[in-house]
Structures are given as structure tokens and as C-alpha cells.
């Protein structure tokens, strides 16, 4: 989403009108669900996708017409057999898209885009709220717990029921689309070796904010980790201050140079509310560490929080392949919020 907002800013600053096409609801076997979107300019698609195939092509054409008519609207698509085959799906489904005309002269939406980008920079929780009422003003706003609503008036019923799942709702004859577009969550990676050096750029490309923690200066250099948010030198034996900053939204990946450090870290991070704790290594290594943790007083319910070996099961051997398996597992974990 950050990339979409960056490109939207660029188009508006260049005084070019665009259409944002957003999937606001779907059912059945559709290629993309609610939250999929693309930016379309006069010459065609600029960025994003709503799934490809015939429907996306048709939406691009309609979006180009919107720039001429300057009118926003909802459109429902029922995927019949020919479209199903074109999209490579087994069965059909319904997709509702909102075509949002965005004028480069709209100072309010420019301000919303700038504000959203600053919140992305600060890795803050951020919700997108759109007024998608047919025949309405097609308003777009954002919401953050610390600063409240920005860009439009947001009903209290929406604010009081915000969660991580994209949703549509109707309040006082108006229809709204709500989606969390940034989550204040981090991936803490213990160990800056070869796997971590592949994992950080892999995760950063799919909107995970990564922080590498090391006790060796040579393995904590920022230039080793493309896309890293931060690198830190820490004392692996004393992570008390670190543990205080971990939230229930955060992920911890442990991939140090040896069993001893892995065990020391697990013993401490199990005291945090982290939503995910994954450890690299063999099943034999894992069994030995688990036994030591039991001797430390941890029970099976505590140890069940640890995913080890880390990553989706696959025949991964190289650091790059292992990074992909870990990224896949974190994608699945993050998707539980949708």
C-alpha cells in the first residue's frame, strides 16, 4: 500500500488525474479479494492489480472513462464460465469494485496522501476509510489511534469497531469501505548470517518491517540487509529491555550461529507477547532445546508458541530458498487478521 500511495502522490504532483479501482467485496472463487486495487491513468494501468484477466481489462477501460466523466461509482461483476476459464479458476464468483475518480486539484486528497505516507514512515497503525456511496462525494480518509480521523468525518460506529479485516458497512444511508493498510508490527531477526541477509529483503518487499539484532558488529552492518529498518548490537544474555518493547503484533525469528545462543534467546523471548516465534534448525536440535526449556520451567503450552523448524515445509537448501519458506509462513500468519 505504501508504494500505491507514493505513486498516487507522484501522479497528483504531476497534475494528472487518476482513477483508483478497489475491490470492496468478493465471494466465491475470485482471483483477488477485498483490498486489491490499482491506479489507472489516461494511458492505462499505472500500478497494482485486481486479479488480471478479462475483468481487470474491462476495469481499466472503465477507469479511463472515469477520468473523462469525473464520476465515481460501484460496479458488480459476476464471473461466468468464460471469465472463469480466462482467469484460470475452478468456479465462479462475484466481485464488487469501486471506481474512485481522483482529481489532481483536490487539495484534501493530496493532504491525505501526504499524511498517510508520514504514518507509513513511522510504522503506525493506519486505516483507510472510503465513502463509496453511489451518487455521493467519493470521500477518502484515514484513521490512526493517536491522531484520530484525517481527510473526512468518520462515524463513531466505524471507529469503535475497527479491526484488521477489510469490510463494507452502511450507516445513515451511506456506504463505507474500511481497511487496515498498515500495522505497527515488526519482525525481529536474531542473527545476521546468510539466511538473515536473504530474509530481510524478501520480507521488506512484502511490507514487513525488519530489525536485525546481533552481538557481532561485522554481522550488524546495515548494508548487508537490503530494506532493513534498523540493526542493533545487543547482549544476547540480557534482553530484558528488548523484551519490554515487543508487542502482540510482532514476529521474532531466531537464526543465530549456534544452539547455545538460540536457547538463550528463546528462554527470554517466551516471556514476551510476540504473536510468532520461529527458530531455524533441525528437528533434533529443536528437541534438545525444548528439553532444556522444560527444565527451566516452561510448560508445553508455552513451548507450543515456538515454530521450529521455522518456515513452510519444503526442500529448501540455500539461504534464499530458506528465506522464501520463512516468508511464506509469515504471510500465512499475517493473513489470519484478514
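Okay, here's what the table says:
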item	result
Residue 277 vs. criteria buried (at least 19 other Cβ atoms within 10 Å of the Cβ), modelled with pLDDT of 95 or more and in contact with a strand residue (DSSP E or B) (Cβ under 6 Å, 6 or more places away or on another chain)	yes
Filter pass, residue 311 being in the same structural domain as residue 209 (by TED's automatic domain parsing), surrounded by 20 or more Cβ atoms within 10 Å (Cβ to Cβ) and under 18 Å from residue 194 (Cβ atoms)	yes
Looking only at the stretch 314-337, and only at residues there that are more than 28 Å from residue 271 (Cβ to Cβ) and exposed (fewer than 13 other Cβ atoms within 10 Å of the Cβ), the one that is modelled with the lowest pLDDT	317
Strands (runs of 3 or more DSSP E) lying entirely in the stretch 29-136 (those with 2 or more residues that are at pLDDT 90 or above and over 21 Å from residue 164 (Cβ atoms))	37-41, 44-49, 73-78, 93-102
Of all residues in the stretch 123-149 being farther than 28 Å from residue 75 by Cβ and without any contact (Cβ under 8 Å) to a residue 60 or more places away in the chain, the one that is surrounded by the fewest Cβ atoms within 10 Å (Cβ to Cβ)	146
Any hit, the stretch 176-196, residues being part of a strand (DSSP E or B), more than 29 Å from residue 244 (Cβ to Cβ) and in contact with a helix residue (DSSP H, G or I) (Cβ under 8 Å, 6 or more places away or on another chain)	yes
Residues being surrounded by 16 or more Cβ atoms within 10 Å (Cβ to Cβ) and under 24 Å from residue 118 (Cα atoms) - total across the stretch 165-175	1
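Every residue, every condition in (1) under 21 Å from residue 3 (Cβ atoms); (2) over 19 Å from the mean Cα position of the chain (by Cα); (3) exposed (fewer than 14 other Cβ atoms within 10 Å of the Cβ), yes or no:
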{"residue": "191", "(1), (2), (3)": "no, yes, no"}
{"residue": "199", "(1), (2), (3)": "yes, no, no"}
{"residue": "206", "(1), (2), (3)": "yes, no, yes"}
{"residue": "256", "(1), (2), (3)": "no, yes, no"}
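The values are calculated or read from the model by the stated rules, or taken from the named source; none is laboratory data. As the structure is a prediction and not an experimental result, all values here were calculated from the model. When we count neighbours, we look across all protein chains shown, and the Cβ atoms used for this are built from the backbone with ideal geometry, even at glycine.
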